[in-house]
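Asker: My questions all concern the structure below.
The values are calculated or read from the model by the stated rules, or taken from the named source; none is laboratory data. If you're wondering where the values come from, they're calculated on a predicted model, not measured in any experiment. Because the Cβ atoms are built from the backbone with ideal geometry, glycine has one as well, and the counts that use them run over all protein chains shown.
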Amino acid sequence: MASPLRYADIYEQSIRQPERFWGEAAGEIRWSRPWSQVLDVSRKPFCRWFVGGRLNTCDNCLDRHVEAGRGEQTAIIYDSPVTGTLRKITYGELLDEVARFAGVLTGLGVAKGDRVVIYMPMIPEAVIAMLACARIGAIHSVVFGGFAPNELAVRINDAKPKLVVSGSCGIEGKKTIPYKPLLDEAIRLADHKPERCILFQRPQLTAPLIEGRDHDWATLMREAVPAPCVPIEATDPLYILYTSGTTGRPKGVMRDNGGHAVALMWSMRYIYDIRPGEVYWAASDVGWVVGHSYIVYGPLLMGCTTVLYEGKPVGTPDPGAFWRVIDQHKVSVLFTAPTAFRAIKKEDPRGEYLKKYDIRSLRYLFLAGERLDPDTYHWASGMLGIPVVDHWWQTETGWAIAADCMGIEPFPIKAGSPTKAVPGYDVRIVDPRGNPLPNGQEGYVVIRLPLPPGCLPTLWQDDERYLEYVERVDGCYLTGDGGFYDEEGYLFIMGRIDDVINVAGHRLSTGSMEEIIARHPDVAECAVLGVQDALKGQVPIGFVVLKSGVKRAPDGIAEELVQMVRSELGALACFKQCAIVKALPKTRSGKILRATMRKIADGEPFEIPSTIEDVSVLKGIEEEARRIGYAKGAGV
Ligand code: COA
Ligand code: AMP
């Protein structure tokens with residue numbers, strides 16, 4: 001279905017004439033008032049798109065399609081192997097439910113600009129709550145269900161929600177996870193107390209409500225009066241999504257309404273090459289940016305059918321789960337993380353389960369969230385025989401920075417590269433001082449300002465912290481990734497240049513784990529590193545120095561530290577290994593040599609830094625790393 005468009009022409013126009021380019025793209029969105037200015041850079045480095053324009057994102061996702069005759073088309077396929085549920089919701093039904101839940105919210109005093117935290121599993125009610133917020137101009141902040149109460153409390157304190165919407169439980173494979181006690185504990189820990197909570201009671205596990213604070217979703221919905229769409233300024237926030245920075249304090253990435261709708265609509269056509277009426281499936285979670293952009297907003301803006309899958313790639317019930325969903329629902333485009341494919345490959349390397357299903361509807365597989373290793377790329381592409389497209393992006397941008405744009409001019413794919421910069425993104429490689437680097441040389445990956453529509457205009461109520469992205473390299477946004485261009489202009493993303501790691505496609509901060517470990521009374525200092533893992537890409541391991549005089553058995557302390565990270569950050573951190581060492585390797589100025597430690601743990605060759613204070617410390621690191629199953633290389 002690819003168009004005869006030329007990438008070079010489109011890209012060139014998007015960079016030279018961004019206002020013209022995005023002004024035209026904005027024609028695909030329904031506005032209640034046109035913008036007066038496509039791009040406002042008067043407060044550089046803060047850039048705002050479609051200033052003066054008014055629209056409603058929910059109107060563009062639902063009302064507009066129903067008015068155009070899509071009312072009977074399925075909007076959401078909720079496929080939940082973990083509960084044995086299959087539910088199809090048409091655009092007409094979804095509009096009705098969203099409008100009524102919007103009425104519930106306004107009835108409880110939620111108004112435009114108020115924040116609503118959504119802490120829910122992968123059920124349609126999570127999507128309904130998000131769209132209902134968008135309908136009345138409330139700002140949603142979805143928190144991934146795998147986060148522990150403390151992390152939820154941190155987000156509640158920052159977003160200061162008027163109300164929290166939650167579900168009674170999540171279902172993770174065979175485990176039922178009660179959410180309500182986690183929510184109650186988070187509210188107990190938080191300084192900000194939301195006035196009300198709405199709880200969706202799942203039949204698998206219901207939870208008691210706290211009188212005066214908690215309300216039952218179903219009871220409220222029975223009496224609800226539908227609320228109309230409120231016109232929203234293009235520059236008003238649609239949502240806040242917290243993501244890991246380098247410290248324990250997460251960053252509240254803010255998304256506006258206008259630029260977001262325009263960019264996602266454009267991406268659906270030109271990156272994913274999908275049309276209204278087709279089935280789009282992002283196998284992710286609504287708690288992550290992929291879920292926001294490509295389970296909820298992108299597919300619904302485009303008038304597609306979106307699949308909401310509550311299950312895993314393996315074990316629910318077997319490694320044929322993805323092929324079953326594609327076959328049963330005639331999925332055209334699948335988007336997931338490489339780790340999901342590694343999990344399938346591990347259990348079914350020869351693709352025996354694939355043979356049981358007809359997946360001819362599938363035109364493309366898109367992968368993102370972490371580096372797509374060439375092995376996984378070759379396996380997936382050999383199995384499926386369709387384009388397997390690696391694309392690179394991050395919570396901050398909200399949509400792909402680099403991709404092989406299937407709706408423009410597909411390029412031959414090179415394993416290990418997300419191909420080329422997407423139109424709108426002027427991606428450059430620079431050295432630490434901001435000087436441009438030639439092709440072939442690895443450096444910091446930056447994007448020249450302005451960022452295209454859809455990217456974060458700032459961090460929630462924290463312009464100061466936003467400046468950290470843009471002040472290091474003049475006129476550029478620092479992505480936090482390192483990489484290079486090859487001679488043919490293909491971009492390669494090699495990994496983070498900061499302390500952010502990627503565990504099974506989930507972005508985590510090693511700094512936040514170190515902050516938790518440092519609170520243990522026996523710990524003097526520690527370093528958490530992301531080491532290679534065949535399934536999850538990376539997993540964190542800790543190196544801990546105990547205070548002098550501590551007599552307790554190191555193994556017992558290590559176990560306590562593992563438990564602390566699990567209960568304070570969440571199981572999703574996958575922090576399972578901790579080595580107790582005598583000292584951490586440091587430079588003479590006291591900086592911990594994390595890169596060297598990581599190489600030792602990964603068994604990679606390394607050079608002993610000339611600035612090291614005491615070389616003998618490295619031996620101890622290697623021995624302890626080996627004891628917990630790492631450092632299998634040549635040796636110090
Ligand atoms: N609520 C509560 N707990 C959760 C959770 C949630 N929503 N999601 C994950 N967890 C828990 C898991 O139960 C597990 O706990 P455990 O240590 O007690 O077993 C832990 O967090 C780690 O979860 P996960 O990383 O999902 O590991 P897994 O072994 O259960 O599954 C994969 C491995 C590869 C199958 C899985 O990570 C996967 O499907 N990844 C795809 C990732 C993805 O879609 N990323 C989004 C970007 S596109
Ligand atoms: P998140 O904000 O959770 O989406 O994580 C973003 C980070 O994941 C990026 O900064 C990269 O480090 C990494 N990442 C995402 N997609 C890719 C990709 N296709 N290739 C390499 N790294 C990726």
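Asker: Out of CYS197, CYS229, which single residue is in contact with an Asp or Glu (Cβ under 7 Å, 6 or more places away or on another chain), closer than 21 Å to ASP114 by Cα and not in a loop (DSSP other than H, G, I, E, B)?
Answerer: Working: CYS229 fails: not in a loop (DSSP other than H, G, I, E, B).
Residue meeting the stated conditions: CYS197.
Asker: Another one. Do we find a residue being closer than 26 Å to LEU618 by Cβ, more than 20 Å from the chain's Cα centre (by Cα), within 14 Å of ligand 1 (Cβ to nearest atom) and of a type in the set (Val, Ile, Thr) anywhere in the stretch 526-537?
Answerer: Among the residues of the stretch 526-537, not one is closer than 26 Å to LEU618 by Cβ, more than 20 Å from the chain's Cα centre (by Cα), within 14 Å of ligand 1 (Cβ to nearest atom) and of a type in the set (Val, Ile, Thr), which makes the answer no.
Asker: Also, quick follow-up: Report whether or not VAL545 is more than 16 Å from ligand 2 (Cβ to nearest atom) and in a helix (DSSP H, G or I).
Answerer: no
Asker: Looking only at the stretch 409-430, which residues are under 15 Å from GLY495 (Cα atoms) and in a loop (DSSP other than H, G, I, E, B)?
Answerer: Within the stretch 409-430, GLY416, SER417, PRO418 meet the criteria.
Asker: Let me ask another. Being within 12 Å of ligand 2 (Cβ to nearest atom) and either in contact with a Phe, Trp or Tyr (Cβ under 9 Å, 6 or more places away or on another chain) or in the same structural domain as TRP281 (by TED's automatic domain parsing) (or both) is the filter here; which residues of the stretch 338-376 pass it?
Answerer: Listed by number, the residues that qualify are PRO338, PHE366, LEU367, ALA368, GLY369, ARG371, LEU372, THR376.
Asker: For the stretch 154-179, which positions are closer than 14 Å to LYS251 by Cα and away from ligand 2 (no atom under 16 Å from the Cβ)? Don't jump to the end; show me each part of the working.
Answerer: Pass one, the stretch 154-179, residues closer than 14 Å to LYS251 by Cα: 154-159.
Result: VAL154, ILE156, ASN157, ASP158, ALA159.
Asker: Give the residues of the stretch 132-155 that are over 11 Å from VAL286 (Cβ atoms) and either hydroxyl-bearing (Ser, Thr, Tyr) or within 19 Å of the chain's Cα centre (by Cα) (or both), sorted by residue number.
Answerer: Once the filter is applied, which keeps residues that are over 11 Å from VAL286 (Cβ atoms) and either hydroxyl-bearing (Ser, Thr, Tyr) or within 19 Å of the chain's Cα centre (by Cα) (or both), the stretch 132-155 yields ILE139, SER141, GLY146, PHE147, ALA148, GLU151, LEU152, VAL154, ARG155.
Asker: Taking the stated definitions as given, is GLY311 at pLDDT 95 or above, touching an Asp or Glu at 6+ places or on another chain (Cβ under 9 Å), within 23 Å of VAL539 (Cα to Cα) and assigned to a loop (DSSP other than H, G, I, E, B)?
Answerer: So GLY311 fits the description; yes.
Asker: So THR247 ticks every box in (1) more than 14 Å from ligand 2 (Cβ to nearest atom); (2) at pLDDT 95 or above; (3) part of a loop (DSSP other than H, G, I, E, B); (4) polar (S, T, N, Q) but one. Which box is left unticked?
Answerer: (2)
Asker: Is it the case, given these coordinates, that ARG342 is buried (at least 17 other Cβ atoms within 10 Å of the Cβ) and either in a loop (DSSP other than H, G, I, E, B) or not hydrophobic (A, V, I, L, M, F, W, C) (or both)?
Answerer: Considered against the rule, which asks whether it is buried (at least 17 other Cβ atoms within 10 Å of the Cβ) and either in a loop (DSSP other than H, G, I, E, B) or not hydrophobic (A, V, I, L, M, F, W, C) (or both), ARG342 comes out as yes.
Asker: Another question, if that's okay. May I ask you to say which residue of LEU449, LEU478 is within 15 Å of ligand 2 (Cβ to nearest atom) and among the hydrophobic types (A, V, I, L, M, F, W, C)? Before you say what the answer is, go through the steps one by one.
Answerer: Values: LEU449 fails: within 15 Å of ligand 2 (Cβ to nearest atom).
Result: LEU478 is the single residue among LEU449, LEU478 that is within 15 Å of ligand 2 (Cβ to nearest atom) and among the hydrophobic types (A, V, I, L, M, F, W, C).
Asker: Can you name the residue in the stretch 418-470 that is β-branched (Val, Ile, Thr) and out of contact with any Phe, Trp or Tyr (no Cβ under 6 Å at 6 or more places or on another chain) and is also farthest from ALA26 (Cα to Cα) among such residues?
Answerer: So the residue we want is VAL445.
Asker: What number of residues in the stretch 482-525 are assigned to a loop (DSSP other than H, G, I, E, B) and more than 16 Å from ligand 1 (Cβ to nearest atom)?
Answerer: Looking only at that region, the number is 12.
Asker: Residues LEU508, LEU561: which one is under 30 Å from ARG371 (Cβ atoms), buried (at least 21 other Cβ atoms within 10 Å of the Cβ) and within 16 Å of ligand 2 (Cβ to nearest atom)? Steps first, please.
Answerer: On the way: LEU561 fails: within 16 Å of ligand 2 (Cβ to nearest atom).
The conditions single out LEU508.
Asker: Report the residue count in the stretch 1-51 for those that are assigned to a loop (DSSP other than H, G, I, E, B) and either crowded, with 20+ Cβ neighbours inside 10 Å or aromatic (Phe, Trp, Tyr) (or both).
Answerer: Within the stretch 1-51, residues that are assigned to a loop (DSSP other than H, G, I, E, B) and either crowded, with 20+ Cβ neighbours inside 10 Å or aromatic (Phe, Trp, Tyr) (or both) number 2.
Asker: Would you check if ALA601 is more than 16 Å from ligand 1 (Cβ to nearest atom), assigned to a strand (DSSP E or B) and crowded, with 18+ Cβ neighbours inside 10 Å?
Answerer: Spelling it out, it is not the case that ALA601 is more than 16 Å from ligand 1 (Cβ to nearest atom), assigned to a strand (DSSP E or B) and crowded, with 18+ Cβ neighbours inside 10 Å.
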